[in-house]
Amino acid sequence: MENPAYKRVLLKLSGEALAGERGFGIDNDVVYDIAIAIKKLQEIGVQVAVVVGGGNFWRGRSSEGMDRTTADYIGMMATVMNAMALQDALENIEVPTRVQTAIEMRQVAEPYIRRRAVRHLEKGRVVIFGAGTGNPYFTTDTTAALRAAEMEAEVILLAKNVDAVYDKDPKIHSDAIKFTELTYMEVIQRELRVMDTTATSLCMDNKIPLMVFELTTDNIIKAVLGENVGTSVK
């Protein structure tokens, strides 16, 4: 296998992507494929951190009538379930893994400590971040941007259930335009929803490039090898 273009990456997995075609819950085959991709990255010397969403179990903004803060905390719990599922899949194929959560739950995970997380990466362990930032009103996209900056990751890999960034929903509009490259400001000004505005601004301020692509084992590996997949945002 070729030399990787990046030595430390942050992989952002949407909850919906983990559900696969089922649309809800966890598709074990999808999680296993992700684990295989991560193992292959480790084998070529890439340090991998992961942030997982929780949309396959809970979407706080759609919980009408519920207090926003409560809804967001429920969503954080959903991300921990996904983190634990991914950890189990990785450890089943002998990949050393740690889950760190922004809300303490010591029976199942370590509390988030930046220096400890960096040390895990340096020792060849995959670090999976759960429970978002630990605060309501922030998305897991913002968590990904924040953790990438803290871990000094060279790129954020946004693995979604769509193959690239479009000017509108390609599943609804047959004339949707696909972008291969964008700037942070174009994403914000065009309201392209690659990430939320807070997350995009954080990436822009810290000069962290994004790669947006469909979640497949091959795409994850190709992105880290520097190949053109999906859309790049710089």
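The values are calculated or read from the model by the stated rules, or taken from the named source; none is laboratory data. Keep in mind that what you see is a predicted model, and the values were worked out from it rather than measured. Cβ sites come from the backbone with ideal geometry, for glycine too, and all protein chains shown count toward neighbours. Ligands, DNA and RNA are stripped out before the accessible areas are found, and what is left, the full protein with its side chains, is counted by its heavy atoms. Shrake-Rupley method; radii C 1.70, N 1.55, O 1.52, S 1.80 Å.
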For segment 190-234, which residues satisfy the criterion of being part of a helix (DSSP H, G or I) and modelled with pLDDT under 90? T217
Tell me which residues, restricted to segment 23-58, are in a strand (DSSP E or B) and more than 16 Å from A159 (Cα to Cα). Q47
Enumeration of residues in segment 140-181 that are in contact with a strand residue (DSSP E or B) (Cβ under 6 Å, 6 or more places away or on another chain), part of a strand (DSSP E or B) and at pLDDT below 95: L158, A159, V165, Y166, K178, F179, E181
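Could you please let me know if G132 is under 29 Å from T200 (Cβ atoms) and either in contact (Cβ under 8 Å) with a residue 40 or more places away in the chain or crowded, with 17+ Cβ neighbours inside 10 Å (or both)?
Values: under 29 Å from T200 (Cβ atoms): yes; either in contact (Cβ under 8 Å) with a residue 40 or more places away in the chain or crowded, with 17+ Cβ neighbours inside 10 Å (or both): yes.
So G132 passes the test.
Residue by residue, here is whether (1) in a helix (DSSP H, G or I); (2) at pLDDT 95 or above; (3) surrounded by 20 or more Cβ atoms within 10 Å (Cβ to Cβ); (4) of a type in the set (A, V, I, L, M) holds:
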site	(1), (2), (3), (4)
D72	yes, no, yes, no
G75	yes, no, yes, no
T79	yes, yes, yes, no
Q87	yes, yes, yes, no
E91	yes, yes, no, no
Q100	no, yes, yes, no
I103	no, yes, no, yes
R116	yes, yes, no, no
Within segment 47-100, count every residue that is of a type in the set (K, R) and on the phi > 0 side of the Ramachandran plot. 0
So which of V52, V48 ends up being surrounded by 23 or more Cβ atoms within 10 Å (Cβ to Cβ), among the β-branched types (V, I, T) and under 20 Å from P111 (Cβ atoms)? V52
If R115 satisfies every condition in (1) touching a residue at least 24 places away in the same chain (Cβ under 8 Å); (2) more than 24 Å from E16 (Cβ to Cβ) but one, which is the exception? (1)
Any chance you could count how many residues in segment 203-221 are farther than 18 Å from A149 by Cβ, open to solvent by 10 Å² or more (accessible area, probe 1.4 Å) and touching a Ser or Thr at 6+ places or on another chain (Cβ under 9 Å)? 1
Condition first: under 13 Å from the mean Cα position of the chain (by Cα), under 24 Å from T79 (Cα atoms) and surrounded by 21 or more Cβ atoms within 10 Å (Cβ to Cβ). Can you find one or more residues in segment 182-195 that meet it? yes
